[in-house]
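Visitor: Take this structure, written in structure tokens, and hold onto it; I'll ask about it next.
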Amino acid sequence: MIPAPRDPGTYRVALVCLGNICRSPMAHVVLESRLDDAGLGDLVEVTSSGTGGWHVGNPMDPRAAATLTRAGYDATRHRARQYEAAWVDRNDLVLAMDHDNLDNLIALGGVSPRVMLFRDFDPVEPGGDVPDPYYGGDAGFEEVLSMVERTSDNLVAALSALKALGG
Ligand code: 4NP
């Protein structure tokens, strides 16, 4: 179940990983692209951030950017940000890319029905981790992209069905 928006007519989704240079930036770019395709680009605001601050201000990892670019997405606009505990109150949905990120979010802001795993919306294998590709090879980034694409499609379908967004 997707939580109802706080303000009808708009929906805010925060995507969170560890460094905000690989997984949540890839999900951010893909989800925004899918929302635009579905005509929801002006109604749903997507942000991404990391629980760690090491890469703040940096573009995404070049391997993440290359994987997105090969698949036809624009990877140039990302700059890494660090997640802040107060953001749980400003978003309708805060989606962790893996269980460690989820534990970090709960430690920061407590348990909330708005804090879930990104892959709770995975239509193939819900509830799993988006594996951290940072220390691995290119295949890990391709795996992240395919998980992120199918999960974004399903998340967009759930958002499209929300009455508060005109569904
Ligand atoms: P991400 O991957 O959480 O998907 O952005 C990582 C990026 C950087 C680090 C760890 C994971 N790091 O330790 O610097």
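Values quoted throughout were computed directly from the atomic coordinates according to the rules given, and no laboratory measurement underlies them. Bear in mind that the values here come from a model prediction, so they are computed numbers and not experimental data. Cβ placement follows ideal geometry from the backbone for every residue including glycine, while neighbour counts extend to all protein chains displayed.
Visitor: Does the stretch 49-126 come out rounded, prolate or oblate, given a ≥ b ≥ c as the square roots of the eigenvalues of its C-alpha gyration tensor, rounded meaning a/c under 1.5 and, failing that, prolate meaning a/b above b/c?
Guide: Numbers: a/c = 2.29, a/b = 1.39, b/c = 1.65.
Oblate shape, in that a/c is at least 1.5 and b/c is the bigger or equal ratio.
Visitor: Taking H placed 1.01 Å from N in the peptide plane, check which residues at least 5 places from THR10 or on another chain put their amide H under 5 Å from its amide H.
Guide: none
Visitor: Which one, ARG90, ARG34, ARG12, has the greatest fluctuation when you compute a Gaussian network model over the chain with C-alpha springs under 10 angstrom?
Guide: Comparing ARG90, ARG34, ARG12 in the GNM, the peak value goes to ARG90.
Visitor: Which residue, MET147, MET97, MET26, tops the fluctuation ranking in a GNM of the chain built on C-alpha contacts under 10 Å?
Guide: MET147
Visitor: Could you please report the charge total around PRO123, scoring K, R as +1 and D, E as -1 over all other residues with beta-carbon less than 15 angstrom from its beta-carbon?
Guide: Surrounding charge for PRO123 is -2.
Visitor: Have a look at VAL88, VAL111, VAL144 and tell me which one the Gaussian network model of the chain (Cα, springs below 10 Å) gives the largest fluctuation.
Guide: VAL111
Visitor: Taking amide hydrogens as modeled 1.01 Å from N in the peptide plane, which residues meet the under 5 Å criterion relative to ALA80, leaving out close sequence neighbours?
Guide: GLY57, ASN58
Visitor: Summing -39500 (n - 2.57) over the DSSP H runs of n ≥ 4 in the chain and dividing by its residue number, what mean residue ellipticity at 222 nm do you reach, to the nearest 500 deg cm²/dmol? Walk me through the intermediate numbers first.
Guide: Details: 4 runs with 58 residues, N = 167.
Calculated at 222 nm, the ellipticity per residue is -11500 deg cm²/dmol.
Visitor: Separation between the ARG79 and ALA38 pseudo-spin-labels, each 7 Å from Cα along Cα→Cβ, expressed in nm?
Guide: Going from the ARG79 label point to the ALA38 one covers 2.9 nm.
Visitor: Same structure, new question: Could you pull out every whole DSSP H run in the chain that spans at least 20 Å of Cα extent along its own axis and averages -0.5 or higher on the Kyte-Doolittle scale?
Guide: Details: long enough: 23-37 (21 Å, -0.41); 138-160 (33 Å, 0.22).
Taking the DSSP H segments of the chain (at least 20 Å long, mean hydropathy at least -0.5), we get 23-37, 138-160.
Visitor: Oh, and also: If you build the convex hull over the alpha carbons only and average its shadow over all orientations, what do you get for the chain? Give it in nm² to one decimal.
Guide: On the way: hull surface 34.8 nm².
One quarter of the hull surface, i.e. the mean projection, equals 8.7 nm².
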